[in-house]
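Here is the structure we will look at.
The values are calculated or read from the model by the stated rules, or taken from the named source; none is laboratory data. Computed from a predicted model, the values in this text were never measured in an experiment. Counting neighbours? That spans all protein chains shown, and the Cβs are built from the backbone with ideal geometry, glycine included. Side chains are part of the model used for accessible areas, which takes the heavy atoms of the whole protein and leaves out ligands, DNA and RNA. Shrake-Rupley method; radii C 1.70, N 1.55, O 1.52, S 1.80 Å.
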Amino acid sequence: MRALVFGNSHTACLIEAWREVAARTGEATPEVTLEFFVRSGSGVAEYELAGTRIAAATEAQKAFLARLSLPVAQDLAGFDALVIVGSEVSLFHVVHVLNRYRILDWPMTQDPEMPALTEAVLRLAVAEALHASNAAQLMAALRAIPALAAKPIHLVPQPFVSERALTASKAGAGFKRLCREQIGDLAAQVFTDETARLAASFDVRFHPQPVETIVHGCLTAQRFTERARRLVNLGQLQPADDILHANLAYGRLILHQICG
């Protein structure tokens, strides 16, 4: 399989895992090859599609790809599958709502002073946010190309924030509250369900976060986030207080999901 991976900074762990496999003399599988078309932040947005050819549309996007020694254009017809990583598909969409509202029929550990919503309304809000995401826009653009209408596409969400958030002084307040009010698993289920529906609407295969990486229902175990690398320079670690990015161990699991 030859696959092209789109995504944002959360592709770093996958690039790291793929390079590890490719570097193993005698173990690399020629049938599986990953190539990357990425951009930090929200993901790849500055692109042009002409037939099955995708190309960086701005000097900034070209410069970013060049910095990583990646091609500034690719022919999508030459790939067996396409992969979209992160790109605004994140549990943050649920947390943003739960920072302002409690959910009726969820555990009474929630703050009773907060205004209330039904779970159905929460799901509608999350679905709307996901459909407006960079990933959804890219999936729609790819599926609109006749030659790609049946091409296998994989969607990999942004990992949940690190359990480091529980001890961080200035970050992760919304996630701390989910854990404190014992609704992290419910929030994560809403996100997983609505992302699965988003993927299905584009006939895309959704890969939920590996269960072995999840703690407290909505956080990523620290062993999968410590020593995470930066997309702009895999030789550099993320800042010590980073709670967003996953590491090589996590990347290995995602690589197995995609290629397994």
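Checking the stated criteria, T25 turns out to be among the β-branched types (V, I, T), at pLDDT below 95 and not in a strand (DSSP E or B).
Taking the stretch 136-150 as the range and being open to solvent by 10 Å² or more (accessible area, probe 1.4 Å) and either in a helix (DSSP H, G or I) or closer than 14 Å to I54 by Cα (or both) as the test, the residues that pass are Q137, A140, A141, R143, A144, I145, P146, A147.
Here the stretch 50-61 is the region considered, the condition is being under 18 Å from L138 (Cα atoms) and not β-branched (V, I, T), and the residue that is most open to solvent (accessible area, probe 1.4 Å) is R53.
For A12, state whether it is open to solvent by less than 40 Å² (accessible area, probe 1.4 Å) and part of a helix (DSSP H, G or I). Taking the combined requirement at face value, the residue satisfies it.
Being under 15 Å from the mean Cα position of the chain (by Cα) and under 14 Å from V156 (Cβ atoms) is the filter here; which residues of the stretch 232-258 pass it? Result: H245, A246, Y250, G251, R252, L253, I254, L255, Q257, I258.
Every residue, every condition in (1) open to solvent by 20 Å² or more (accessible area, probe 1.4 Å); (2) on the phi > 0 side of the Ramachandran plot; (3) touching a helix residue (DSSP H, G or I) at 6+ places or on another chain (Cβ under 6 Å); (4) of a type in the set (K, R), yes or no:
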residue	(1), (2), (3), (4)
A165	no, no, yes, no
Q182	yes, yes, no, no
V211	yes, no, no, no
R223	yes, no, no, yes
L237	yes, no, no, no
A246	no, no, yes, no
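Identify the residue in the stretch 62-95 that is of a type outside the set (A, V, I, L, M, F, W, C), surrounded by 13 or more Cβ atoms within 10 Å (Cβ to Cβ) and in a helix (DSSP H, G or I) and, among all such residues, is modelled with the highest pLDDT. Checking each candidate, the answer is H93. If you filter the stretch 104-128 down to residues that are assigned to a loop (DSSP other than H, G, I, E, B) and in contact with a Lys or Arg (Cβ under 8 Å, 6 or more places away or on another chain), you find that the one that is most open to solvent (accessible area, probe 1.4 Å) is P112.
Quick one: would you say E181 is among the acidic types (D, E), within 30 Å of D105 (Cα to Cα) and touching a strand residue (DSSP E or B) at 6+ places or on another chain (Cβ under 8 Å)? Criteria not met by E181. If we keep just the residues of the stretch 197-207 that are of a type outside the set (S, T, Y) and out of contact with any Leu (no Cβ under 9 Å at 6 or more places or on another chain), which is most open to solvent (accessible area, probe 1.4 Å)? Per the stated criteria, the residue is D203.
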